[in-house]
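Written out below as structure tokens is the structure these notes cover.
Values quoted throughout were computed directly from the atomic coordinates according to the rules given, and no laboratory measurement underlies them. Source: prediction; values computed, not measured.
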Amino acid sequence: MNAKNLLPLTAAAVFALCAGSMVISATHADNNHGAAERIVTLPTVSVTPDPADLAHYNTYKDAKIVDLATVSVTPAAEDVAYYVANQAVRIVDMPVVTVRPSADDMQQIAVQAGVLASQLASR
């Protein structure tokens, strides 16, 4: 069998496997109605940096490459108790975190984009 016949047959076999897998998973998902009862919504967790970590960040935040110190995060007692109480649950709905860049970050990105554009234009 040459490559002219092997590639289409391989593609057809992979397609058949994927389609069969999707059909099996869809029928399995229809039979799994009890999973919705096990979904847990965790409360929002706030993290406050250690003063030494914050000082290190403020000192080196303008550097291009920063070797950050290790940051230790210790959960609150309520969070640990909540986790231990619901440890058997497999599906977890994590809270959404939105990150917006500061004006300084946007200015730095604009400057870097301008430098890149001028370098590309000079080629």
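Descriptive notes on the structure:
- Length gained on full extension, Ala85 to Val23, computed as 0.36 nm times the residue gap minus the Cα-Cα distance: 18.8 nm.
- Gain in span if fully extended, Val47 to Leu116, counting 0.36 nm per residue against the direct Cα distance: 21.2 nm
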